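K.L.:
Here's a structure for you.
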Amino acid sequence: MDLTPYVDNLRQELAVAANAGGDEARALAERLTAPLESAARLTLLNALSAAMGEVTRELAPGSVDVRLRGLDPEFVVTQPSVPEPFQEARAPLAAPAAPVPSPPPSDADDGAMARINFRLPAHLKSRAESAATAEGLSVNAWLVRAVSLALDGKERPGPSARGTDSGGRGFTGWVR
């Protein structure tokens, strides 16, 4: 995205305002134009970064990043990948099965996002970063997908699969 037209427009507006103030104001505006160009570019970049942060929160697990190329920003859009459904190997003469649809999420997605602090051991963080990079996702998008699959995509073990008392309640912790 070329910011030059926006910075030039600001420069022209400053010149018009200075013309109304006379020769001293015009001279001051000319001296301020160069330093204001850098400040205007930085302010525009900050506004674009904040806007793309909001867009990313709405697109999760997709994302939009702002990268600086020279003096101008570039937007990088990362689409969420759709995992392939698992299919068992079949005999060569078996008829092809219809694709298995993904299970719908158990909760309706209202688009609201919540922020959490997540402390992860360094060795797991590096593995998560590698997995996200391999799938072309941001770490945040990868984690959102992993949590979603963990909660919605797999059955949780029932009472027979873990230690329970006679009432079917599980116990965890230390006992003396």
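The values are calculated or read from the model by the stated rules, or taken from the named source; none is laboratory data. Remember, it's a predicted structure, so these values are computed and weren't measured experimentally. Note: ideal-geometry Cβ built from the backbone for every residue, glycine included; neighbour counts use all protein chains shown.
K.L.:
Looking at the range 56-82 only, could you name the residues that are surrounded by 15 or more Cβ atoms within 10 Å (Cβ to Cβ) and not in a strand (DSSP E or B)?
P.N.:
Answer for the range 56-82, where residues must be surrounded by 15 or more Cβ atoms within 10 Å (Cβ to Cβ) and not in a strand (DSSP E or B): Thr56, Arg57, Leu59, Ala60, Pro61, Gly62, Pro80.
K.L.:
Ok, one more. Against the condition modelled with pLDDT of 65 or more and farther than 30 Å from Gln12 by Cβ, how does Arg57 come out, does it pass?
P.N.:
yes
K.L.:
Going by what's in this entry, would Ala17 be described as at pLDDT 85 or above, of a type in the set (A, V, I, L, M) and within 30 Å of Ala114 (Cβ to Cβ)?
P.N.:
no
Matching residues to (1) without any contact (Cβ under 8 Å) to a residue 60 or more places away in the chain; (2) assigned to a helix (DSSP H, G or I); (3) of a type outside the set (A, V, I, L, M); (4) exposed (fewer than 11 other Cβ atoms within 10 Å of the Cβ):
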{"residue": "Met1", "(1), (2), (3), (4)": "no, no, no, no"}
{"residue": "Tyr6", "(1), (2), (3), (4)": "yes, yes, yes, no"}
{"residue": "Arg11", "(1), (2), (3), (4)": "yes, yes, yes, no"}
{"residue": "Leu14", "(1), (2), (3), (4)": "yes, yes, no, no"}
{"residue": "Arg26", "(1), (2), (3), (4)": "yes, yes, yes, no"}
{"residue": "Glu37", "(1), (2), (3), (4)": "yes, yes, yes, no"}
{"residue": "Ala40", "(1), (2), (3), (4)": "yes, yes, no, no"}
{"residue": "Thr43", "(1), (2), (3), (4)": "yes, yes, yes, no"}
{"residue": "Leu48", "(1), (2), (3), (4)": "yes, yes, no, no"}
